[in-house]
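For reference, the structure is listed below as structure tokens.
The values are calculated or read from the model by the stated rules, or taken from the named source; none is laboratory data. Quantities reported herein were computed from a predicted structural model and do not represent experimental measurements. Positions of Cβ are backbone-derived with ideal geometry, glycine not excepted, and every protein chain shown enters the neighbour counts.
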Amino acid sequence: MKNIYIVNNVSEGGAIKSYTNLLINSLKEFKSNEIKIINKQNNFYQIRFIKFLNKIYESITNKYFYKYFVKLKTKFIINLDKEIILIVPYVIQNQFKELDYFYEEISKKKFILVIHDLHIFHFPDKWKMETVEHVRDRYIKLLSRASKVVVHNEFTKEDVSTKFNFDGNKIYKIWLPPFLDLKPTTKINQISSSYDFAKNDYAIWPSSSTAFHKNHSNLLKAWANLMQKGIRLSLVCTGNKTPRWEEISQIINELHLEKNIFFTGVIPDFDLSQLIENAKFTICPTLFEGGGPVPAAESIMLKTPVLLSNIMQCKELMNNKLNNNYFFDPLDPHDISNKVESLLENYDVAEIYFQNFSNYYKESRTWENSADEYFNVLKLVD
């Protein structure tokens, strides 16, 4: 029996944290007879304390607290038995030297490196130059010492191979399952009364943030086009409002969309699944994704129609089987609005199509499948 430790103690929040925790849970549930996961589950009081520490951290302008925190976790890695196999689900994208020490200690162990995406190298102008170089050095060292490398799609596999001259035969692809606990409610609206917009028809972009590649700007311009055509449909955007909220709110005001666009901020998973299920459709205008966008997969599981960016990652997320009518050019607001208009005009057809597609999709994207594939990779680690 192999002993496994999944590195989750300095992970960034949001989708990465969710993925890490779901991976731990799925391996424990489906592979407990073959492997032993040494990660400890936090109890209720530990979770409350961690949230308290996070609030303190957010209120501190310098990074001393975080640096001290990383040093403690690095000591934990150092003290792990040398026979324990580490799974590293994400490489943190900042230039703290303490993180270099952290990953240096990881590189001395047996470990599987999971590369969610190489976003930082596709949009380097959105980062400090020293951060880009720092992260590049980190990847080079980890790739040179990893027992195995895992990615979530063919795009990232090719990306890693090309950018780091890394042998693609040493990279294993494991698709991402949905993150939410999806339990369809047969379209009964159980959404909290605090979401007033849910009383009327709305579309939803369940993004994790307002990062540049989430492409809110072109989506908002597309929505202005729809308003000009007399299509009065609200657009709901979820997730963290950072880092571009000031710029996005300015676009909303300039396009006079204040009554049509709703940003919820970060909301509970149950609320999010309810909002997706009760939406007229989900729209994902992303310019770049590592394994997703996962919200599109969650929408498919809930039988909610989806419109997607016509990029390789989105096509593969749909197993390259979704009808081309549901893809658009993410850089062209007119194409986005035209596809929305077409979907609404043929909505009955879309509902039936996605009900059938959902039945197929559920069989291909499960956490049990993911656990099986991780176990197969783990078996290859000496």
inquiry  = So, LYS128, is that one farther than 20 Å from PHE155 by Cβ and either loosely packed, with under 15 Cβ neighbours inside 10 Å or of a type in the set (A, V, I, L, M, F, W, C) (or both) or not?
reply    = yes
request  = Among what's in segment 190-218 and is within 20 Å of the chain's Cα centre (by Cα) and in a loop (DSSP other than H, G, I, E, B), pick the residue that is surrounded by the most Cβ atoms within 10 Å (Cβ to Cβ).
outcome  = PRO206
Members of segment 260-300 found to be outside any loop (DSSP other than H, G, I, E, B), surrounded by fewer than 20 Cβ atoms within 10 Å (Cβ to Cβ) and in contact with a Ser or Thr (Cβ under 7 Å, 6 or more places away or on another chain), listed by number = PHE262, THR264, ASP271
Every residue from segment 111-134 that is of a type outside the set (Phe, Trp, Tyr) and part of a helix (DSSP H, G or I) = HIS119, ILE120, HIS122, PRO124, ASP125, LYS126, MET129, GLU130, THR131, VAL132, GLU133, HIS134
ask   = Just to be sure, is LYS97 modelled with pLDDT under 90 and either farther than 30 Å from PRO293 by Cβ or not assigned by TED's automatic domain parsing to the domain that holds LEU118 (or both)?
value = yes
inquiry  = Could you tell me how many of the residues in segment 147-168 are of a type outside the set (A, V, I, L, M, F, W, C), buried (at least 17 other Cβ atoms within 10 Å of the Cβ) and touching a helix residue (DSSP H, G or I) at 6+ places or on another chain (Cβ under 7 Å)?
reply    = 4
query = For ASP137, are the conditions met, namely being under 22 Å from the mean Cα position of the chain (by Cα) and either assigned to a strand (DSSP E or B) or in the same structural domain as PHE96 (by TED's automatic domain parsing) (or both)?
reply = no
task = Filter segment 301-355 down to residues that are under 22 Å from HIS152 (Cβ atoms), aromatic (Phe, Trp, Tyr) and in a strand (DSSP E or B), then give me how many there are.
result = 1
ask   = Given the conditions (1) modelled with pLDDT of 95 or more; (2) hydrophobic (A, V, I, L, M, F, W, C); (3) in a loop (DSSP other than H, G, I, E, B), which single one is not true for VAL150?
value = (3)
message = I'm told GLU363 meets every condition in (1) out of contact with any His (no Cβ under 6 Å at 6 or more places or on another chain); (2) modelled with pLDDT of 90 or more except one. Can you identify the failing condition by its number?
response = (2)
